[in-house]
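Student: I have a structure here, written as structure tokens, and I will follow up with some questions on it.
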Amino acid sequence: MKKHNFSAGPCILPNEVLLKASEAVMDFKGSGLSLIEISHRSKDFVDVMETARALALELLGLENQGYQALFLQGGASLEFLMVAYNLLETKAGYLNTGTWSDKSIKEAKLFGDVVEVGSSKDENFKYIPQGYTIPSGLDYLHLTSNNTIFGTQIKKFPTVDAPLVCDMSSDIFSRQLDFSQFDLIYAGAQKNMGPAGTTLVIVKEDILGKVSRQIPSMLDYKVHISKDSMFNTPSVFAVYVSMLTLQWLKNMGGIGAIEEINEKKARLLYSEIDLSPVFDGYANEGDRSKMNATFNLTDDKLKEPFEKMLKEAGINGLNGHRSVGGYRASMYNALSLESVGVLVDIMSEMERKG
Ligand SMILES: *Cc1c(COP(=O)(O)O)cnc(C)c1O
């Protein structure tokens with residue numbers, strides 16, 4: 001039986017994507033060779049890379065506006081330092097909304113001054129800070145759009161007279177935004193786009209080339225752009241599966257279409273959390289994430305029966321991150337409304353038992 005996969009990452013991918021990916025591993029386009037045993041310089045793979053890069057820009061509505069899409073390696077964690085390496089000359093602003101922002105701040109401090117414009121660390125990142133002031137003269141402002149661990153999400157982005165950089169690892173392609181308000185977006189593939197091993201970077205070219213330091217080739221966005229994201233051997237499998245997922249998304253109507261389903265899933269789960277006396281939500285209501293819902297049982301005695309029922313229903317990956325505890329239901333694009341329904345049914349049954 002296929003499980004209901006609520007894992008936070010690596011996470012669920014569409015079935016048809018897994019099927020096509022497995023076929024390509026055995027025989028890529030009828031070539032008699034596997035996708036992962038051909039040259040990345042072959043026309044077939046160059047087509048994959050070009051299609052994936054173009055689709056990413058198309059789905060975000062960023063074609064012909066000076067943006068480049070890159071599929072790099074090193075995860076979102078390498079972007080924490082690459083962003084600073086390429087953009088931080090004197091001072092950058094960071095909004096600290098969770099573990100991942102915290103880590104990006106730590107890396108940026110190696111390259112220049114970091115101004116924490118706001119932080120929700122005082123309440124273990126339950127909320128998104130509001131009404132903070134952004135100083136002028138920043139090299140960029142860095143945000144984390146969705147806080148995977150704590151289950152909060154930025155709903156309204158600040159306007160700022162500096163380049164806006166955003167870690168969208170766990171909510172890219174999940175909701176419609178004016179993506180042109182961002183100058184650099186990065187996202188590890190394994191949350192909402194593909195398998196682990198590649199990171200999508202969308203960068204507006206005109207923000208690059210302004211720092212005085214020398215940048216090693218592998219860490220230089222300009223080098224990757226000049227080589228069409230093929231400076232060295234890319235993660236061919238991860239890029240291919242990301243391309244398939246982006247095609248799947250386009251075929252179902254793009255970000256607007258998936259957003260409607262994501263809204264339904266989130267509404268279904270959060271209304272159960274709010275109505276049920278045996279569950280408590282973790283994040284502030286107004287800041288709740290539509291991707292990762294964090295909640296807890298109000299009575300520890302229910303832990304055992306609840307987890308037993310989850311297991312019997314084939315629900316996977318519901319354990320909260322160790323820094324929050326409780327439960328976390330990750331509802332990425334490929335998770336169906338039906339799977340959320342199965343979880344909610346179990347939660348309402350707990351209510352009867354509780
Ligand atoms: C998972 C995650 C990361 C870390 O990604 P890696 O690819 O493992 O480096 C960074 N930021 C956010 C928001 C994440 O969810």
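The values are calculated or read from the model by the stated rules, or taken from the named source; none is laboratory data. Treat the numbers as computed from the prediction; the structure is a model and nothing was measured. So basically every Cβ, Gly included, is an ideal-geometry build from the backbone, and we count neighbours across all protein chains shown. Just so you know, the surface numbers come from the protein's heavy atoms only, side chains and all, with ligands and any DNA or RNA stripped out. Shrake-Rupley method; radii C 1.70, N 1.55, O 1.52, S 1.80 Å.
Student: Taking residue 103 as the anchor, which aspartates and glutamates have their alpha carbon closer than 12 Å to its alpha carbon, excluding any fewer than eight residues away along the same chain?
Tutor: 79, 167
Student: Same structure, new question: In whole Hz and in residue order, list the ³J(HN,Hα) couplings for the stretch 146-159 that follow from phi through the Karplus curve 6.51 cos²θ - 1.76 cosθ + 1.60, θ = phi - 60°; x for Gly and Pro.
Tutor: Ordered by residue, 3J(HN,Hα) equals 9, 9, 3, 7, 9, x, 10, 8, 6, 9, 10, 8, x, 8 Hz.
Student: In whole angstrom, how far apart do the alpha carbon centroids of the stretch 25-53 and the stretch 197-226 sit?
Tutor: Spelled out, the Cα-based centre of one part sits 25 Å from the other.
Student: What is the chain's relative contact order, in percent, from Cα pairs under 8 angstrom and six or more apart in sequence?
Tutor: Working: 665 pairs, mean separation 82.8, N = 354.
RCO, the chain: 23 percent.
Student: Mind checking the per residue accessible area of the chain for me, 1.4 Å probe, whole number of Å²?
Tutor: Numbers: 15190 Å² over 354 residues.
Here the residues of the chain average 43 Å² of exposed surface.
Student: Roughly how many whole Å is it from the C-alpha centroid of the stretch 287-305 to that of the stretch 229-273?
Tutor: Their Cα centres are 25 Å away from one another.
Student: Further question on the same structure: Mind ordering 160-167, 103-110 by average Cβ neighbours within 10 Å, highest first?
Tutor: Numbers: 160-167: 20.8, 103-110: 18.1.
Per-residue mean Cβ counts within 10 Å order the peptides as 160-167, 103-110.
Student: Which FRET efficiency value, to the nearest 0.05, do you get for residue 58 and residue 230 by plugging their Cβ-Cβ distance into 1/(1 + (r/R0)^6) with R0 = 22 Å? Let's see the in-between values first.
Tutor: Numbers: r = 20 Å, r/R0 = 0.91.
Using R0 = 22 Å, I get an efficiency of 0.65.
Student: Is there a quick way to get the dipole size of the stretch 1-127? I mean about its Cα centre, with the Cβ of Lys and Arg at +1 and of Asp and Glu at -1; what is the value in debye to the nearest 20? Present the calculation step by step, with values, prior to reporting the outcome.
Tutor: Details: 13 positive and 17 negative charges, 58 e Å.
Dipole about the Cα centre, nearest 20: 280 debye.
Student: Of all the accessible heavy-atom surface of the chain, with the other protein chains kept in place and a 1.4 Å probe, what percent is carbon and sulfur? Each step should come with its number before you reach the end.
Tutor: Details: 7480 of 15190 Å².
C and S fraction of accessible area: 49 percent.
Student: Listed here are the pairs 109/227; 210/250; 155/308; 43/250; 227/264; which of them are more than 32 Å apart at the Cα?
Tutor: Numbers: 109/227 29 Å; 210/250 35 Å; 155/308 35 Å; 43/250 23 Å; 227/264 41 Å.
Over 32 Å Cα-Cα: 210/250; 155/308; 227/264.
Student: Could you work out how far apart the two model spin labels at residue 260 and residue 322 are, taking each label as a point 7 Å from the Cα in the direction of the beta carbon, and quote it in nm?
Tutor: That separation, rounded to one decimal, is 4.3 nm.
Student: Excluding residue 229 itself, calculate the net charge of residues whose Cβ lies under 11 Å from the Cβ of residue 229, where each Lys or Arg counts +1 and each Asp or Glu counts -1. Don't skip to the end; give the middle numbers.
Tutor: On the way: positive: 53, 227; negative: 50, 228.
Once positives and negatives cancel, what remains is 0.
Student: Per residue of the stretch 319-327, in order, report the coupling 6.51 cos²θ - 1.76 cosθ + 1.60 (Karplus, θ = phi - 60°) as ³J(HN,Hα) in whole Hz, putting x for Gly and Pro.
Tutor: 5, x, 5, 4, 7, 10, x, x, 10
Student: Now a separate question. Compute the Cα gyration tensor for the stretch 157-258, then decide on rounded, prolate or oblate, letting a ≥ b ≥ c be the square roots of its eigenvalues: rounded whenever a/c is under 1.5, prolate when a/b is larger than b/c in the other cases, and oblate in all that remain.
Tutor: Oblate shape, in that a/c is at least 1.5 and b/c is the bigger or equal ratio.
Student: Right, something else. Rounded to the nearest 5, what % of DSSP beta bridges with both residues in the chain are antiparallel? List each step's numbers first, then the result.
Tutor: Numbers: 22 of 39 bridges.
Counting only bridges with both partners in the chain, antiparallel ones make up about 55 percent.
Student: Can you tell me the dipole magnitude for the stretch 254-353 around its Cα centre, using point charges on the Cβ only (Lys, Arg +1; Asp, Glu -1), in Debye to the nearest 20? Walk me through the intermediate numbers first.
Tutor: On the way: 13 positive and 17 negative charges, 53 e Å.
Here the size comes out at about 260 debye.
Student: Which ³J(HN,Hα) values in Hz, rounded to whole numbers, follow from the phi angles of the stretch 291-299 under the Karplus curve 6.51 cos²θ - 1.76 cosθ + 1.60, where θ = phi - 60° and Gly and Pro get x?
Tutor: Result, rounded to whole Hz: 9, 10, 9, 9, 7, 9, 7, 7, 10.
Student: A further question on this structure: How do 272, 349 stack up against each other in accessible area, from largest to smallest, with a 1.4 angstrom probe?
Tutor: Values: 272 20, 349 75 Å².
Largest accessible area first, the residues go 349, 272.
Student: Treating cross-link reach as a plain straight distance, find the lysines whose alpha-carbon is under 25 Å from the alpha-carbon of residue 303, omitting any fewer than eight places away in the same chain.
Tutor: Output for residue 303: 2, 3, 126, 265, 290, 311, 353.
Student: Here is a follow-up. Any chance you could tell me what percent of the C-alpha pair distances in the stretch 15-252 go past 25 Å? Each step should come with its number before you reach the end.
Tutor: Details: 11561 of 28203 pairs.
In whole percent, the share of Cα-Cα pairs in the stretch 15-252 beyond 25 Å is 41.
Student: Where nothing but the Cβ of Lys and Arg (+1) and of Asp and Glu (-1) is charged, how large is the charge dipole of the stretch 15-252 around its Cα centre, in debye to the nearest 20?
Tutor: Roughly 200 debye for the stretch 15-252.
Student: Please work out whether the stretch 1-74 counts as rounded, prolate or oblate from its C-alpha gyration tensor, where a ≥ b ≥ c are the square roots of the eigenvalues and a/c under 1.5 means rounded, while otherwise a/b larger than b/c means prolate and anything else oblate? List each step's numbers first, then the result.
Tutor: On the way: a/c = 2.19, a/b = 1.11, b/c = 1.98.
Oblate, since a/c reaches 1.5 and b/c is not below a/b.
Student: Is it possible to state the helix-based mean residue ellipticity at 222 nm for the chain, with each DSSP H run of 4+ residues giving -39500 (n - 2.57), the sum divided by total residues, to the nearest 500 deg cm²/dmol? What is it? Could the numbers behind the result be given before it?
Tutor: Values: 9 runs with 124 residues, N = 354.
For the chain, the value works out to -11500 deg cm²/dmol.
Student: Given 4 °C and 1.567 mPa s, how large is the Stokes-Einstein diffusion coefficient of the stretch 188-341 in µm²/s, with Rh as the Kirkwood radius over Cα pairs? Each step should come with its number before you reach the end.
Tutor: On the way: Rh = 18.7 Å.
Translational D for this selection: 69 µm²/s.
Student: Could you tell me which residue out of 133, 68, 120 lies farthest along the dipole of the stretch 58-173 toward its positive end? Charges go on the beta carbon: Lys and Arg +1, Asp and Glu -1, centred on the Cα centre.
Tutor: 120
Student: At a 10 angstrom cut-off on C-beta neighbours, averaged per residue, how do the peptides 112-121, 233-242 rank from highest to lowest?
Tutor: Numbers: 112-121: 17.6, 233-242: 22.1.
With the highest mean Cβ count within 10 Å placed first, the list reads 233-242, 112-121.
Student: Pick out which of 343, 268, 246 has the largest mean-square fluctuation in a Gaussian network model of the chain, springs linking Cα atoms closer than 10 Å.
Tutor: 268
Student: If you take the square roots of the eigenvalues of the alpha-carbon gyration tensor of the stretch 254-353 and sort them as a ≥ b ≥ c, do you get rounded (a/c under 1.5), prolate (a/b over b/c) or oblate? Please report the intermediate quantities before stating the final value.
Tutor: Details: a/c = 1.72, a/b = 1.46, b/c = 1.18.
Prolate shape, in that a/c is at least 1.5 and a/b is the bigger ratio.
Student: Continuing with this model, one more query. Pick out, from 323, 268, 350, the residue whose Cα sits farthest towards the positive end of the charge dipole of the stretch 254-353, with +1 on the Cβ of Lys and Arg and -1 on the Cβ of Asp and Glu.
Tutor: 323
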